[in-house]
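**Student:** Below: one structure in structure tokens.
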Amino acid sequence: MTEFPRILMLARKDFSYFFRTKWLMAVLLSLNLSDMLIVALVYGKLMDFNYFQFFVPAVVIMGLFVAALDTGRRIWLAVREGVIHYYLSLPISTAGIVAAYLLAGGLASMVYSSSLLLVALVVLPAHAIWNTFILLPFLFVLAMGLAGIAATLAALASTHGEFFFAYQQIVQVVLLTLSTVFYPIEVVRQYLPPFLVKIVSVNPLSLAAEAMRQYTFAGAPIEIWSLLLLLLTSTPLAIVGALAYLKALHSIQVKGKL
């Protein structure tokens, strides 16, 4: 408990870095807003269902994902530029440093995706906005899990040269492609084998996007099991990411570098 204030202080510092790169935020927002307001409308002309209503809630989850991955960029830069050595000299444990980064990544993702949610609520009628408040804690865990993935990529890239952004793009394409962000699960069943359909159905991005569609915008009653499943699939990502980053920090402590 004595180092908890230090963890919060470090998390607040990293959280502030996310919003200092205003050009990056502008690019990310423009991309997500173009998906929401242009891509959804254009693709909707090609679909036999209301694709705009289907896709707009998913863009909020895409924003959560993209913002969480930025945690890895900050970790990678901290290792590459030697800032992490300064953090290791502070009166805070390595586990505390890891916790601070995951907390900051989760919080930054929530703030960023909330801005997209506000736009979504303007362009698409929501039948149960209050359900969003129930979803927030589960989405925060998902954001921390995605930040854990980013931390893992940063640790791997630091030991294999400047490959972080390549790793990031691969993970982003795989997780988004094998999800129901862009297309319904019924379409997935038509074209993919059963084992991939199962992966798509338990992908936390699929679960979060479907929860946003059904509970916030469609106004369906919240099913506790679906939220627990989102929690169960998100938590391991955060744990794996934390362990990978913790191992990287221990390596730096022992060798002075990765």
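The values are calculated or read from the model by the stated rules, or taken from the named source; none is laboratory data. Keep in mind the model is a prediction, meaning the values are calculated, not measured. Here the Cβ is made from the backbone with ideal geometry for all residues, glycine too, and neighbour counts use every protein chain on show.
**Student:** Can you name every one of the helices (runs of 4 or more DSSP H) wholly within region 136-242 that holds 3 or more residues which are under 30 Å from ALA95 (Cα atoms)? Reasoning before the result, please.
**Tutor:** Details: elements: 164-177, 185-191, 194-202, 204-211.
Hits in region 136-242: 164-177, 204-211.
**Student:** Find the residue count for region 32-48, including only residues that are surrounded by fewer than 21 Cβ atoms within 10 Å (Cβ to Cβ) and touching a residue at least 24 places away in the same chain (Cβ under 8 Å). Lay out the reasoning, then the answer.
**Tutor:** Residues of region 32-48 that are surrounded by fewer than 21 Cβ atoms within 10 Å (Cβ to Cβ), as a first pass: 33-35, 37-39, 41-48.
Cutting the leftovers down to touching a residue at least 24 places away in the same chain (Cβ under 8 Å) gives us 33, 35, 37.
Residues in region 32-48 being surrounded by fewer than 21 Cβ atoms within 10 Å (Cβ to Cβ) and touching a residue at least 24 places away in the same chain (Cβ under 8 Å): 3 in total.
**Student:** Further question: For PHE217, indicate whether it is in contact with a helix residue (DSSP H, G or I) (Cβ under 7 Å, 6 or more places away or on another chain), closer than 22 Å to ASP70 by Cα and not acidic (Asp, Glu). Show your work before the answer.
**Tutor:** Working: in contact with a helix residue (DSSP H, G or I) (Cβ under 7 Å, 6 or more places away or on another chain): yes; closer than 22 Å to ASP70 by Cα: no; not acidic (Asp, Glu): yes.
No, not satisfied.
**Student:** Evaluate region 78-98: report whether one residue or more is at positive phi and either in contact with a Cys (Cβ under 7 Å, 6 or more places away or on another chain) or free of Cβ contacts under 8 Å to residues at least 12 places away in the same chain (or both). Give the derivation first.
**Tutor:** Going through region 78-98, the residues at positive phi turn out to be 82.
So of that shortlist, the ones also either in contact with a Cys (Cβ under 7 Å, 6 or more places away or on another chain) or free of Cβ contacts under 8 Å to residues at least 12 places away in the same chain (or both) come out as 82.
Yes, that holds for at least one residue.
**Student:** Only one residue in PRO125, PRO137 is closer than 18 Å to SER234 by Cβ and either among the acidic types (Asp, Glu) or out of contact with any helix residue (DSSP H, G or I) (no Cβ under 7 Å at 6 or more places or on another chain) (or both). Which one? Steps first, answer last, please.
**Tutor:** Values: PRO125 fails: closer than 18 Å to SER234 by Cβ.
Answer to the check: PRO137.
**Student:** Looking at ILE129, ILE134, can you tell me which residue is surrounded by fewer than 20 Cβ atoms within 10 Å (Cβ to Cβ) and either at pLDDT 90 or above or among the aromatic types (Phe, Trp, Tyr) (or both)? Write out each step before concluding.
**Tutor:** Numbers: ILE129 fails: either at pLDDT 90 or above or among the aromatic types (Phe, Trp, Tyr) (or both).
So the residue among ILE129, ILE134 that is surrounded by fewer than 20 Cβ atoms within 10 Å (Cβ to Cβ) and either at pLDDT 90 or above or among the aromatic types (Phe, Trp, Tyr) (or both) is ILE134.
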